[in-house]
Each structure stands twice: as C-alpha cells, then as structure tokens.
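What follows is a short report on a single structure.
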Amino acid sequence: MSVIVNDTGFSIDDWTGSFISHADAAANDCDYAIDLPSDTVPDTLTGLTNAPMIRVDFPSSADGRGFTLAALLRRAGYKGRLRARGHVLADQYAMARRSGFDEVEIDDALAARQPEDQWLARADWQNHNYQARLRG
C-alpha cells in the first residue's frame, strides 16, 4: 500500500488511471500517468507537458535528481499533477513542494516511521525557507 502526502496530511491515492514508463509513453496527449526514473536525461522531458500526472522515482533519500526533474518540468510549462514517489523523507517535503511537486507517495513502513505530524510540520513550505527570509 501507499500513502499520499500533501499539505493537508496523509490521504489515500485517488488516481484511478494507469502508469506507464517514460520509455513506453507513446504521445504527449495521453490519459495515463508517466513514471520517470531519477536518472531520466533532462533533454527527454520536452514532450511531457500534457500528461495528466508524472510520478518521479526517488530510489534513495540521498538521491536529489528528482527535485531537479520536477523544477525542469515546471519551467517547461508542465501544469499537471506532479508526484514524488519512494524514499522522500518528511524533512525533504518542503523542498519537494518548492521544486514543483504537488504530493509525495510513500510506503506504509515509511509512514509508520515518520507519522503525519512530522510531514505537517513542513507543510507551510512557502514561508519557511531561507530564500524567503533573505528576500524578506
């Protein structure tokens, strides 16, 4: 099972469509979600602006390439749902949101080790970052 984390806390996954790997995606206008591995070459992201959801894999909490992919997708004009999946820690939630992710998908074991209150403590991601304090 998976737990979806967003700014309001834990929720169940409401995505009812299918997921397909980026390598198997046939077209930009599609009704399925696209899975991106963390080692996706950024130059291959150009045709993904119309997919309804893109899910970026985080194989390790030390692998920050997914944050870069999210930022690049948003800068390219992607307006759909952007989800981080895998080993994202509660401490990384604010960074995930600032990078462009809408939500994080974690497994039940991680949700048990890092309960909802730890994620909610970082849900005010727009106001609590050093860049906002420096601009302030």
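The values are calculated or read from the model by the stated rules, or taken from the named source; none is laboratory data. Please read these numbers as outputs of a predicted model, since none were measured by experiment. Positions of Cβ are backbone-derived with ideal geometry, glycine not excepted, and every protein chain shown enters the neighbour counts. What goes into the accessible areas is simple: the full protein's heavy atoms, side chains included, and nothing from ligands, DNA or RNA. Shrake-Rupley method; radii C 1.70, N 1.55, O 1.52, S 1.80 Å.
Is it the case, given these coordinates, that ARG74 is open to solvent by 50 Å² or more (accessible area, probe 1.4 Å), in contact with a Gly (Cβ under 7 Å, 6 or more places away or on another chain) and under 18 Å from ASP102 (Cα atoms)? So ARG74 passes the test. For the range 44-62, the criterion of being modelled with pLDDT under 95, open to solvent by less than 70 Å² (accessible area, probe 1.4 Å) and in a helix (DSSP H, G or I) is met by at least one residue.
Consider the range 1-22 and keep the residues that are outside any strand (DSSP E or B) and surrounded by 11 or more Cβ atoms within 10 Å (Cβ to Cβ). The one that is modelled with the lowest pLDDT is HIS22.
Filtered by the rule that a residue be crowded, with 19+ Cβ neighbours inside 10 Å, out of contact with any Leu (no Cβ under 9 Å at 6 or more places or on another chain) and free of Cβ contacts under 8 Å to residues at least 40 places away in the same chain, the range 95-115 gives a lone residue, ALA96. Evaluated against (1) outside any loop (DSSP other than H, G, I, E, B); (2) under 20 Å from SER11 (Cα atoms), PHE101 falls short on exactly one condition, (1). Which residue is surrounded by the fewest Cβ atoms within 10 Å (Cβ to Cβ), if the candidates are limited to the range 23-38 and must be of a type outside the set (Ser, Thr, Tyr) and within 27 Å of ARG113 (Cα to Cα)? Among those residues, the one meeting the criterion is PRO37. Among the conditions (1) modelled with pLDDT of 95 or more; (2) of a type in the set (Lys, Arg); (3) outside any strand (DSSP E or B), the only one that ARG85 does not satisfy is (3).
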